[in-house]
Amino acid sequence: MIYDLIIIGSGPAGLAAAIYAARAELQFVVLEKDGISGGQVLQTYEVNNYPGFKNISGYDLATSFRDHAESLGSNFVSFEVSSITRERDKTFHIKGEDGSEYVSRSVIACTGAAHKKLDIPGEEELTGSGVSYCATCDGAFFKNKTVAVVGGGDTAFEDALYLSRLCEKVYIVHRRSLFRAAGSLVSLARRAENIEFLTDMVPKEIVGTDGVVSSLTLKSVRTGTESSIDVSGVFIAIGMTPNSELFSQITECNKEGFIITSSDCSTQMPGLYAAGDVRTKDLRQIVTAVADGAVAVSSLVKYLSE
Ligand code: NAP
């Protein structure tokens, strides 16, 4: 069978694309790597900037997106894509590890992004033993303990605020004294009594004792002096790397690996669209990922009819 559309990935962008594809009555399927929808949103404790919901858990928001897509007849398949090619007849051939294949006239890449690493000693060895990339997943292990959150963006501040409700003390370690995070999050963190800011500092090493994190070594970017803080956990929130490898063979990505797209979410390969965090854009939020899903479907409907 040749589908009109294959959606790869089922975070907010993929789920919104599924809703719009169903409404456009396309023959389509959503391929999801581990059979779980929601992407990064599932790891978000509280979402309070998605219109219509003053406060909703990431899990509930993702579940309602999925329910909505399913209610319109979207078909979700657990399938790990190993390669994508575009053939002379302009169809896309999407192969899985087991050799099975989907064929489609268009594709939307909704594969999102993965956590960046600090690449410092101790990080890899102590991951899962005090080093974490997901405060909402692992925060409960650090109840009444002292932890550090590394980063100065929205994720770092959301993580720090979440952890401050569980932990005795939270350090926010940032390499500058200005933050990328929304002003409202920074104000909340400044008001929290158990959050301490360590700015102009870069992590040098995560130290473990008996196989679990015991301290974090920091270096001042101003003076070069090294210091150490005693912590049981280090939460790393320094941004994301796009999951674009599959597509870099068939379209252009920028130097950070984000798929280059036009404002209609089309890529440089006709029939291939990208939506959500995996594409080049100024603002990576749930609301913009959802908008991308809708825009991509609207653009590819025109492409399919040409
Ligand atoms: P981000 O905005 O890219 O911030 C990454 C932070 O980590 C920056 O402060 C950066 O410092 C720092 N950093 C990067 N590499 C580092 C390194 N090697 N060592 C030390 N620090 C390093 O990433 P994010 O916070 O994950 O957010 C990603 C996107 O998702 C953003 O667009 C954000 O707005 C969005 N987001 C939205 C929500 C929401 O709407 N509720 C929640 C979370 C995230 P510099 O500032 O010095 O570069």
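The values are calculated or read from the model by the stated rules, or taken from the named source; none is laboratory data. Treat the numbers as computed from the prediction; the structure is a model and nothing was measured. Methodologically, a virtual Cβ is constructed for each residue, glycine included, from the backbone with ideal geometry; neighbour enumeration extends over all protein chains shown. Accessible surface areas use protein heavy atoms only, side chains included; no ligands, DNA or RNA. Shrake-Rupley method; radii C 1.70, N 1.55, O 1.52, S 1.80 Å.
The table below gives the values:
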| read-out | value |
| --- | --- |
| Residue satisfying all of: in region 39-63; charged (D, E, K, R) and away from the ligand (no atom under 12 Å from the Cβ); farthest from Cys137 (Cα to Cα) among these | Lys54 |
| Residue within region 191-201 that is surrounded by 17 or more Cβ atoms within 10 Å (Cβ to Cβ), under 25 Å from Thr241 (Cα atoms) and β-branched (Val, Ile, Thr) present | no |
| Members of region 135-156 found to be within 8 Å of the ligand (Cβ to nearest atom) and under 16 Å from Gly233 (Cα atoms), listed by number | Val150, Gly151, Ala156 |
| Filtered residues of region 93-124 (kept if part of a loop (DSSP other than H, G, I, E, B) and aliphatic (A, V, I, L, M)) | Leu118, Ile120 |
| Selection status of Ser263, touching a residue at least 60 places away in the same chain (Cβ under 8 Å), over 25 Å from Gly58 (Cβ atoms) and among the polar types (S, T, N, Q) | no |
| Residue match in region 219-235 (condition: of a type in the set (Val, Ile, Thr), under 29 Å from Leu161 (Cβ atoms), within 16 Å of the ligand (Cβ to nearest atom) and open to solvent by 60 Å² or more (accessible area, probe 1.4 Å)) | yes |
| Failed item, numbered, when Leu188 is tested on (1) of a type in the set (A, V, I, L, M, F, W, C); (2) under 21 Å from Gly152 (Cβ atoms); (3) open to solvent by less than 60 Å² (accessible area, probe 1.4 Å); (4) not in a loop (DSSP other than H, G, I, E, B) | (3) |
| Given (1) touching a strand residue (DSSP E or B) at 6+ places or on another chain (Cβ under 7 Å); (2) open to solvent by 30 Å² or more (accessible area, probe 1.4 Å), number of the condition Ala160 does not satisfy | (2) |
| Subset tally (residues that are open to solvent by less than 50 Å² (accessible area, probe 1.4 Å) and either in a loop (DSSP other than H, G, I, E, B) or outside the structural domain of Thr85 (by TED's automatic domain parsing) (or both)) for region 255-265 | 4 |
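One line per residue, one yes/no per condition, for (1) closer than 17 Å to Phe92 by Cα; (2) more than 16 Å from the ligand (Cβ to nearest atom); (3) open to solvent by 30 Å² or more (accessible area, probe 1.4 Å):
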site	(1), (2), (3)
Thr267	yes, yes, no
Pro270	yes, yes, yes
Ala275	no, no, no
Val295	no, yes, yes
Leu300	yes, yes, no
Tyr303	yes, yes, yes
